[in-house]
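The values are calculated or read from the model by the stated rules, or taken from the named source; none is laboratory data. Please read all numbers here as calculations on a predicted model, not as lab measurements. Counting neighbours? That spans all protein chains shown, and the Cβs are built from the backbone with ideal geometry, glycine included.
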Amino acid sequence: MTESQCRLRGATLYFDCFAGIAGDMTLAALLDLGVPESLVRQALGHLPLSPYELRIHTVRKGSLVARKLDVLPISPSEDSSHDHSHDHSHDHSHDHSHDHSHDHSHDHSHDHSHDHSHDHSHDHSHSYFPRHSHVHYSQIRSLIEQAGTRGLSADIVARALSMFDRLAAVEAALHGVELGEVAFHEVGALDSIVDIVGVAAALSYLAPRRIVCRPVVLGSGSVYTAHGLLPVPAPATLALLRDVPVESGGPPHELTTPTGAVIVAANVESYGPLPKLRVLAVGHGAGTRELADRPNLLRVIAGREETAAESDDACVVLEANLDDMNPQLYGPLIEGLLKDGARDAWLVPVQMKKGRPGIVLSVLCDAVRQAELTTRVLRETTSLGVRSHTVQRHTLRRELLTVHTEFGDIPIKIGRDPQSGAIWNAAPEFSVCVESAQRHGVPIKQVLAAALAAYHRD
């Protein structure tokens, strides 16, 4: 892993979707940002999919160069004519673009450019989907879960399922069917699976501090779908972007697809202008159409957020005394608070009035999360009140790098002095060590020791 790739881990990402967003644009932009292509291909290789070709190449949109991603299903005749013992990775600078414009209700058309840089990303012995059929959501969920048993990391599986769960729930509500009955056309499903699992793998690799997005540009006019001619935005796109700031207008095309919308809805934490940050890298992902008034690109910016004094951080501490609560509820409570944006949460045993043993729940959070987390504490505990006070944190600058061990790649959290940049702390990512230890049947402490040894050696 290069130094620049290490610096991207744990950065803030900004989705600048001035021309909308789609699944393939997002994955292409993250690859252009610096996510290793081999990592994404390896993750997708765990999926037992029908034969397809994943083509990643460079195109021009206006005066700008960007990455382009195409998912090309391989027909039986084409499949038999390919020699799968070779990976033909010749990048031709000329791009003979033929727009085959497959119209899927779940994503935008793909530009099948005849570039010879490609990969046969499938496994004939595990071709999961029958041809010329619809694929149900329950099949897709089973496929992703099955990939987890074939080596796809638990974090990637969780991220991908989170996105597909949202997409399927919206489709079920729109069409009045049960969740398991939601169906995707075979080719549309293939595109969506590759895009969503690829994005999940890229985000798992980047482990962003948070993702911020500008108001989502939707486009205008009408779009042809499996359900006929519908106005832009498509119903699924609009339903997925509930509570998200959006903009209509622009070119008379669908600029944001349901797959792009679910990526935003499931991963973006806040919306607005580009936050104050130190830019580390910029990635551009290209769409298919040529737009009259703007380049058809998604721009993703990675950077480190800075304040006037980067090491100083004002937070709020919420506290509640608990003396009559079932201890079984503490674990889910802490997990839920962290999921809702708490920076940290902990429990301290105390002796309360009348000699009763009790627990003090403490939650560290940003001021903007105070009201939401206070509500959660009052709703999910037996406490009748929550007190709060402001605290000042002094923190090291955090980064992530990855070391190679006999138990696999392990991320290491680095703490640097904000002034000098000197490394003062280094700790393996514990959850990854647990997963690796279970996979190899060894004690967790052995994986931790191997990770630290690799860090100090390298």
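Points worth noting:
- Residue check, residue 414 without any contact (Cβ under 8 Å) to a residue 24 or more places away in the chain, assigned to a strand (DSSP E or B) and buried (at least 17 other Cβ atoms within 10 Å of the Cβ): yes
- Verdict on residue 406 being exposed (fewer than 13 other Cβ atoms within 10 Å of the Cβ) and either more than 19 Å from residue 347 (Cβ to Cβ) or not assigned by TED's automatic domain parsing to the domain that holds residue 423 (or both): yes
- Of the listed requirements (1) touching a Ser or Thr at 6+ places or on another chain (Cβ under 9 Å); (2) farther than 18 Å from residue 195 by Cβ; (3) not hydroxyl-bearing (Ser, Thr, Tyr), residue 55 misses just one: (2).
- Within segment 127-166, the set of residues being in contact with a Leu (Cβ under 8 Å, 6 or more places away or on another chain), aliphatic (A, V, I, L, M) and either closer than 17 Å to residue 50 by Cβ or modelled with pLDDT under 90 (or both) comprises 143, 144, 147.
- So residue 363, is it under 23 Å from residue 444 (Cβ atoms) and assigned to a strand (DSSP E or B): no
- Filter result (part of a helix (DSSP H, G or I) and either buried (at least 16 other Cβ atoms within 10 Å of the Cβ) or in contact with a Pro (Cβ under 6 Å, 6 or more places away or on another chain) (or both)) within segment 145-161: 146, 147, 148, 155, 156, 157, 159, 160, 161
- Condition check for residue 392: out of contact with any strand residue (DSSP E or B) (no Cβ under 9 Å at 6 or more places or on another chain), modelled with pLDDT under 90, under 30 Å from residue 280 (Cα atoms) and not acidic (Asp, Glu): no
- Residue 388 vs. criteria closer than 26 Å to residue 322 by Cα and in a strand (DSSP E or B): yes
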